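The structure appears right after this line, and notes come after that.
The values are calculated or read from the model by the stated rules, or taken from the named source; none is laboratory data. Model, not experiment: these values are computed from the prediction. Don't worry about glycine lacking a Cβ; one is built from the backbone with ideal geometry, like all the others, and counts go over all protein chains shown. Ligands, DNA and RNA are excluded from the accessible area calculation, which covers all protein heavy atoms including side chains. Shrake-Rupley method; radii C 1.70, N 1.55, O 1.52, S 1.80 Å.
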Amino acid sequence: MPPEDEQAHRRHAMVAAQLRGRDIVDERVLRAMEAVPRERFVGERQQRRAYDDAALPISGGQTISQPYMVARICEALRLTGGERVLDVGTGSGYQAAVLAELSAEVYTIERIPELAELARERLAAAGYERVHVHVGDGTLGLPEHAPYDGIAVAAAAPGFPQTLYQQLKPRGRLVVPVGSARGQRLEVAVRSPEGPALIHSVPCRFVPLVGAEGFEQ
Ligand code: SAH
């Protein structure tokens, strides 16, 4: 089998077993995960493992999130196609690409400049040049393009990130792993006049969010 077909086959199997086979039901999310070539966001050495049911190492001691967690975060945002979304912790750029399949405008922010640059190249090479990649402390959001319909955080926060919440539109959703560096719960907050309506979701484990409203370096 040519390598692309082999990866397409693995991608299809990943969606069936790891997503549909668990509890991912949003058809748009399933289609987006079926569309984005995850192998293009990992290095040469990870090609065979690109669709493994796991987070994988990328440079800078960081990881590309497990496919299931990416799908779970996307599903929790309840996107329908017209939204403006902020993705905090670009990493490989994979989550940003999946978000680009699901919404109209994606802004993504990464604190490590080398990772941001590589993600920018990989996103463009995979046809996602309309994703805007920024370098900076994403715990402070990206106020120049706020407010957002949805904000996805792919790194663990020590507490609920107030600044990010403030950058949501009314009824906007913030999805963020909150807890200690060792383990967190994926929290979903909906912006409402009475303050954040919090929905606790699955236990998870992400690399730490490092910054003003994150962990210290
Ligand atoms: N969504 C990514 C997952 C990357 S892991 C993917 O699909 O590959 C989380 C990323 O968050 C790491 O690259 C890390 O450098 C970044 N990060 C940590 N703290 C950050 C902060 N304060 N602002 C922006 N990015 C941050």
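Taking all protein chains as shown and a probe of 1.4 angstrom, R11 keeps an accessible surface of around 30 Å². Mean separation of Cα pairs under 8 Å and 6 or more residues apart, divided by the residue count, gives the chain a relative contact order of 15 percent. Taking the centroid of alpha carbons for each part, the range 1-67 and the range 119-140 are 19 Å apart.
Couplings 3J(HN,Hα) of the range 43-60, computed from phi: x, 3, 6, 9, 3, 5, 9, 3, 10, 4, 7, 6, 6, 10, x, 10, 6, x Hz, in residue order, whole Hz [Karplus 6.51 cos²θ - 1.76 cosθ + 1.60, θ = phi - 60°; x for Gly and Pro]. Take the chain with all the other protein chains still there, run a 1.4 Å probe, and you get 45 Å² of accessible area per residue. Multiplying the residue separation of H145 and R182 by 0.36 nm and removing their Cα-Cα distance gives an extension gain of 10.1 nm.
Taking one quarter of the surface of the C-alpha convex hull of the chain gives a mean projected area of 11.0 nm².
The share of accessible area on the chain that comes from carbon and sulfur is 52 percent, using a 1.4 angstrom probe. For F215, the amide hydrogen comes within under 5 Å of the amide hydrogens of L209, V210, counting only partners 5 or more places away or on other chains and with H modelled in the peptide plane. With helices as the sole contributors, the chain gives -8000 deg cm²/dmol at 222 nm; each DSSP H run of n ≥ 4 counts as -39500 (n - 2.57), and the sum is divided by every residue.
Loop-located GluC sites (Glu not before Pro) in the range 107-137 (DSSP state other than H, G, I, E, B) with a sparse environment of at most 12 neighbouring Cβ atoms within 10 Å: E129. Computed from the alpha carbon atoms alone, the convex hull of the range 43-168 holds 104 Å³ per residue.
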